[in-house]
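Just below is one structure, and these are the notes that go with it.
The values are calculated or read from the model by the stated rules, or taken from the named source; none is laboratory data. Since this is a predicted model, take the numbers as computed values, not measurements. Methodologically, a virtual Cβ is constructed for each residue, glycine included, from the backbone with ideal geometry; neighbour enumeration extends over all protein chains shown.
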There are 2 protein chains.
Amino acid sequence: MKPFDLTETCVSSETLIQGNLLHVKRDSVRLPNGNLSQREYVMHPGAVLIIPLLPDGSLVMERQFRYPLHQTFIEFPAGKIDAGEDPLETGKRELLEETGYTANNWQFLTLFHPCIGYSNEVIHIFLAHDLTLGISKLDEDEHLEIFTMRFSEAMEAMSSGNITDGKTMIALFLAQKYLGKK
Amino acid sequence: MKPFDLTETCVSSETLIQGNLLHVKRDSVRLPNGNLSQREYVMHPGAVLIIPLLPDGSLVMERQFRYPLHQTFIEFPAGKIDAGEDPLETGKRELLEETGYTANNWQFLTLFHPCIGYSNEVIHIFLAHDLTLGISKLDEDEHLEIFTMRFSEAMEAMSSGNITDGKTMIALFLAQKYLGKK
């Protein structure tokens, strides 16, 4: 069956916020039935998540306070893509900045969209093997705690509701599939 | 090891947008090192995703145009929680409105946070069995196409990059685990 044409087309576009962190737009759009409507959404440069795998099979992870939810989360290292930057370079840069590790072996696993209702963000997921520890380069105002977790511990933490960050959950499921873990 | 205290505390808060769709705030916060910083984020009422499982093991899914990405996505039915609504009621309401199905058997699987960097959204995931088809109740301006997919087809669509919606990916992995599917 041929899918219906569900396309909404832009009639006009305005910037609502060009803030320090968020860039928010509001567009007038033409719906498939011809009616006009509005869409408000976050413009995002895209991000990269890294699954850093140590030789003993454990994972390098972070504990970070996320203000919108007033809660500390267990996450994989991740960060925004700089203008013009290749996602692999973002992965290398963020892994080093946040954890101090470099990796000799990088594998792209997939990309996904975390928030299709109100953001154009895309997250690229890489698996990083053959890690070497150096020195992390956090900004003075970046606060996060680096630690390691066995793969099985991470899966248990997800089952028990101690890992609820969506990007980290997707990365764990993918790593499980990719590495053939139980 | 005791985790560091990574807490950021609110100093002041303002609403940047109270739009038709998005509610965006900017808070001044005190960082763990005592410095001041700002946080901008979307206030979200929370949402519910439903995994509608037909007696033959196939899934009821949607094709929907998502304007922020100018792209049609394959998704599970989902929708926002109304003020004061119990998430299970949201699930029942959204499943009926969007697909026309009601379910006799509802199971809560988990909740997760899709976008911890700039939104306080939480998504509750329910599995809905024992479906009965009635009549959907879409608004005139809601355009989506309902179809069914075999479970294996959906997993393949995820592997091949035809399903990239984060919430739908998490729900598929959870359903696979829960239903013991390969």
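Per the conditions (1) in contact with a strand residue (DSSP E or B) (Cβ under 8 Å, 6 or more places away or on another chain); (2) without any contact (Cβ under 8 Å) to a residue 40 or more places away in the chain; (3) away from chain B (no Cβ under 14 Å), the sole criterion not satisfied by A:Gly91 is (2). Yes or no: A:Thr168 assigned to a strand (DSSP E or B), of a type in the set (Val, Ile, Thr) and outside the structural domain of A:Lys25 (by TED's automatic domain parsing)? Spelling it out, it is not the case that A:Thr168 is assigned to a strand (DSSP E or B), of a type in the set (Val, Ile, Thr) and outside the structural domain of A:Lys25 (by TED's automatic domain parsing).
Screening B:Ala175, B:Ala157, B:Ala171 for residues that are within 13 Å of chain A (Cβ to nearest Cβ), touching a Phe, Trp or Tyr at 6+ places or on another chain (Cβ under 6 Å) and not β-branched (Val, Ile, Thr) leaves exactly one candidate, B:Ala171.
Of everything in the range B:94-115, what is touching a Gly at 6+ places or on another chain (Cβ under 8 Å) and free of Cβ contacts under 8 Å to residues at least 40 places away in the same chain? Give them in sequence order.
Step one: filter the range B:94-115 for residues touching a Gly at 6+ places or on another chain (Cβ under 8 Å), giving B:94, B:96-98, B:100-102, B:106, B:110-115.
If the condition is that a residue be touching a Gly at 6+ places or on another chain (Cβ under 8 Å) and free of Cβ contacts under 8 Å to residues at least 40 places away in the same chain, then B:Thr102, B:Trp106, B:Leu111, B:His113 are the ones that fit.
Is it the case that some residue within the range B:60-77 is over 26 Å from A:Gln38 (Cα atoms) and either touching a residue at least 24 places away in the same chain (Cβ under 8 Å) or part of a strand (DSSP E or B) (or both)? Yes; the residues of the range B:60-77 include at least one that is over 26 Å from A:Gln38 (Cα atoms) and either touching a residue at least 24 places away in the same chain (Cβ under 8 Å) or part of a strand (DSSP E or B) (or both).
Going by what's in this entry, would B:Thr15 be described as part of a strand (DSSP E or B), touching a Pro at 6+ places or on another chain (Cβ under 9 Å) and without any contact (Cβ under 8 Å) to a residue 12 or more places away in the chain?
It is false that B:Thr15 is part of a strand (DSSP E or B), touching a Pro at 6+ places or on another chain (Cβ under 9 Å) and without any contact (Cβ under 8 Å) to a residue 12 or more places away in the chain.
Scanning the range B:95-151 for residues that are assigned to a loop (DSSP other than H, G, I, E, B) and crowded, with 18+ Cβ neighbours inside 10 Å returns B:Pro114, B:Cys115, B:Ile116, B:Gly117, B:Tyr118, B:Asn120, B:Glu121, B:Val122, B:His143. Assess whether B:Ser37 counts as being facing chain A (nearest Cβ under 7 Å), in a strand (DSSP E or B), touching a residue at least 12 places away in the same chain (Cβ under 8 Å) and closer than 16 Å to A:Leu21 by Cα. When the stated conditions are applied, B:Ser37 passes them.
Okay, residues lined up against (1) within 30 Å of B:Leu144 (Cα to Cα); (2) out of contact with any strand residue (DSSP E or B) (no Cβ under 9 Å at 6 or more places or on another chain); (3) within 8 Å of chain B (Cβ to nearest Cβ):
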position	(1), (2), (3)
A:Pro45	yes, no, no
A:Leu49	no, no, no
A:Pro52	no, no, no
A:Pro68	no, no, yes
A:Pro77	no, no, no
A:Ile81	no, no, no
A:His113	yes, no, yes
A:Asp139	no, yes, no
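Going by the conditions given, is B:Thr102 touching a Lys or Arg at 6+ places or on another chain (Cβ under 8 Å), outside the structural domain of B:His23 (by TED's automatic domain parsing) and not hydrophobic (A, V, I, L, M, F, W, C)? Here the answer is yes, as B:Thr102 does meet what is asked. Looking at this structure, is B:Leu16 closer than 22 Å to A:Val42 by Cβ, modelled with pLDDT under 95 and either surrounded by 19 or more Cβ atoms within 10 Å (Cβ to Cβ) or not assigned by TED's automatic domain parsing to the domain that holds B:Gly166 (or both)? Considered against the rule, which asks whether it is closer than 22 Å to A:Val42 by Cβ, modelled with pLDDT under 95 and either surrounded by 19 or more Cβ atoms within 10 Å (Cβ to Cβ) or not assigned by TED's automatic domain parsing to the domain that holds B:Gly166 (or both), B:Leu16 comes out as yes. For the range B:16-26, a tally of residues being in contact with a Phe, Trp or Tyr (Cβ under 9 Å, 6 or more places away or on another chain) and more than 7 Å from chain A (Cβ to nearest Cβ) returns 1.
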